[in-house]
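Inspection log for the structure reproduced underneath, given as C-alpha cells.
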Amino acid sequence: MFCLGNTTIYFLIPDLFRNIFLSSSLQITSLSSSVFYCTKLESEQQGRAYQKELSQNPRWSACYIEDYVIQLYLADLGTVRERRKLLFDIGANKGYTIATWFSLWNPQSQINPRSLANYLRKNLSISQCGECNDCLQMSLSTKVKVSLDMNIEIYAFEPQPSTYEILRQVKQWTNQRSLHIYNLAMSNQTGTELLLKCNPGDEFCGLETSKSARNIERYLLVNVTTLDTFLQRSHITEMIDVLKIDTEGHDPLVLKGAELTLKQQQVRLLIFEHHEVGLWKYIHLRDVIENLDLKGYTCYMFGRTGLIRITRCWSSILNKKRWSNVLCVVRNDGRLQHIINKLIIPHTL
C-alpha cells in the first residue's frame, strides 16, 4: 500500500498474483481441440528451432512481422466477417500499429506507418522511428492481391498523458471517426495506479506494480480499468478481431482483466509481449500459456520468419526470459487457425 495525497494505492504482491492467475484456470472446463500434445523430444525440438532463430537474429521475436494481419485478412475474404473489423490496441504509443491496420483494411485513407512518420516528423518534430523501426514499414495493402476498404473500428489506449496528446493529434490527422482513443491504462482492476513518467513518445514506461515505489516524483497517478469492464460499459459484445497488448511488463495483469472476455472466446487473435520487465520478473510464461489453452487459445512464439507453437509443446529453452512476442489464435475459428498455421516455420510442429 502507498499513499499519494489523499489517495491510497494498493499494489498486488507478485506471488499472490501468480496464484490468482493460476486459480482462475481451475474453474474452466477443458475444451476439445485438434491441437496435439508434443512428446518431450518434440518439445525440445521446438525449443531448438526457437534457439536457432535467435542465433541468426537475437531480436527475432522482439520485432515480429505483421503478416498475422494479412492472414486474418485472407481468412475473412468471402465471409460475413469480411466487411467489418474490430481492433483493440492497448499501449498504442504514437500509433504505428494503428497506421498498419489502416494500411491494410482502409488503404484509400493513405494512412500507413511511413505517412504517419512523415506527419510526426514534420508537424510534431518527433523523429523516433519506434524500437522496431516501425516508421519504415510499407503499407500492408501492397502485400495482398485484393485490396478492399473495410469498415474498421479501432479502440486505442495510451495512459501516458504526453504521449496521449501525440495520439490525439494523430487521430485528428487521420480524420477517422472509427478511431477511438482513451487516456487510460488497462489492468486487472478499476481505479488508479502509478505510472512511471516518460518523455512524449517514449516506449519504456509502464505501471508500477511493486510494493515499495520510491522517488514518487517520478510517477503519475493514472486511471485504470479492465478490458472486461470497458467492454461491458461500452456495450461491446461482438467479436474482437485483434487484441494487441504492449504495456511494458504489465501484460499479465491486462490479461487477467480480460478474464471473462477470453473465457467467452470473444477475441480471435491475441498478441502480447513477454520479457523480464515488470511483472514478468515473477510470472512464468508457461502458466499464462496453459491458462489461455484452457480458454481455447493456441499460442506461438512470433518472430521475423514466422511462428513456433508453444501451446502443449513447451520447451525448457523457453524458460529463459527474453524480449519476445506471443501470438494466440482462438481454436473455435477453424478457418483462421488453418490460415495462421501457414506462418509456422517449416520442420516445426
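The values are calculated or read from the model by the stated rules, or taken from the named source; none is laboratory data. Because the structure is predicted, anything quoted here is derived from the model rather than measured. With ideal geometry, Cβ positions are generated from the backbone for all residues, glycine too; neighbour counts draw on all protein chains shown.
Overview of values
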{"quantity": "Residues satisfying the stated conditions in the range 169-194, i.e. out of contact with any Lys or Arg (no Cβ under 6 Å at 6 or more places or on another chain) and farther than 26 Å from Asn123 by Cβ", "calculated": "Ala185, Met186, Ser187, Gln189, Thr190, Gly191, Thr192, Glu193, Leu194"}
{"quantity": "Restricting the range 125-141 to residues that are out of contact with any Lys or Arg (no Cβ under 9 Å at 6 or more places or on another chain) and under 24 Å from Leu184 (Cα atoms), the residue that is surrounded by the fewest Cβ atoms within 10 Å (Cβ to Cβ)", "calculated": "Glu131"}
{"quantity": "Selection from the range 104-114 of residues that are crowded, with 18+ Cβ neighbours inside 10 Å and either hydroxyl-bearing (Ser, Thr, Tyr) or not in a helix (DSSP H, G or I) (or both)", "calculated": "Asn106, Ile111, Asn112"}
{"quantity": "So Leu167, is it in contact with an Asp or Glu (Cβ under 7 Å, 6 or more places away or on another chain), under 25 Å from Ala117 (Cβ atoms) and among the aliphatic types (A, V, I, L, M)", "calculated": "yes"}
{"quantity": "Pairs where the first residue, in the range 259-270, is at positive phi and surrounded by 20 or more Cβ atoms within 10 Å (Cβ to Cβ) and the second is at pLDDT 95 or above and not polar (S, T, N, Q), C-beta under 9 Å, 6+ apart", "calculated": "none"}
{"quantity": "Test: residue in the range 230-252 that is more than 19 Å from Ile154 (Cα to Cα) and part of a helix (DSSP H, G or I)", "calculated": "yes"}
{"quantity": "Qualifying residue in the range 96-109 (condition: more than 30 Å from Glu165 (Cβ to Cβ), touching a strand residue (DSSP E or B) at 6+ places or on another chain (Cβ under 8 Å), of a type outside the set (S, T, N, Q) and touching a residue at least 24 places away in the same chain (Cβ under 8 Å))", "calculated": "no"}
{"quantity": "Candidate set from the range 52-67 (those that are in a loop (DSSP other than H, G, I, E, B) and hydroxyl-bearing (Ser, Thr, Tyr)); member that is modelled with the lowest pLDDT", "calculated": "Tyr64"}
{"quantity": "Output for the range 176-216, where each listed residue is among the β-branched types (Val, Ile, Thr) and either closer than 30 Å to Ser103 by Cα or part of a loop (DSSP other than H, G, I, E, B) (or both)", "calculated": "Ile181, Thr190, Thr209"}
{"quantity": "Candidate set from the range 142-175 (those that are in a strand (DSSP E or B) and not β-branched (Val, Ile, Thr)); member that is surrounded by the fewest Cβ atoms within 10 Å (Cβ to Cβ)", "calculated": "Asn151"}
{"quantity": "Cβ pairs under 6 Å, 6+ apart, first in the range 222-239 and buried (at least 17 other Cβ atoms within 10 Å of the Cβ), second assigned to a helix (DSSP H, G or I) and of a type in the set (Lys, Arg)", "calculated": "none"}
{"quantity": "Qualifying position, being in contact with a strand residue (DSSP E or B) (Cβ under 6 Å, 6 or more places away or on another chain), of a type in the set (A, V, I, L, M) and at pLDDT 95 or above, among Leu262, Leu243", "calculated": "Leu243"}
{"quantity": "Hits in the range 176-197 - residues which are surrounded by 19 or more Cβ atoms within 10 Å (Cβ to Cβ) and farther than 19 Å from Thr229 by Cβ", "calculated": "Leu179, Leu194"}
{"quantity": "Any chance Lys256 is touching a residue at least 24 places away in the same chain (Cβ under 8 Å), within 22 Å of Phe88 (Cβ to Cβ), among the charged types (D, E, K, R) and crowded, with 23+ Cβ neighbours inside 10 Å", "calculated": "yes"}
{"quantity": "Filter pass, Lys295 being more than 18 Å from Ile70 (Cβ to Cβ), modelled with pLDDT under 95 and either out of contact with any strand residue (DSSP E or B) (no Cβ under 8 Å at 6 or more places or on another chain) or among the basic types (Lys, Arg) (or both)", "calculated": "no"}
{"quantity": "Residue in the range 314-326 that is closer than 27 Å to Leu77 by Cα and either surrounded by fewer than 16 Cβ atoms within 10 Å (Cβ to Cβ) or not hydrophobic (A, V, I, L, M, F, W, C) (or both) present", "calculated": "yes"}
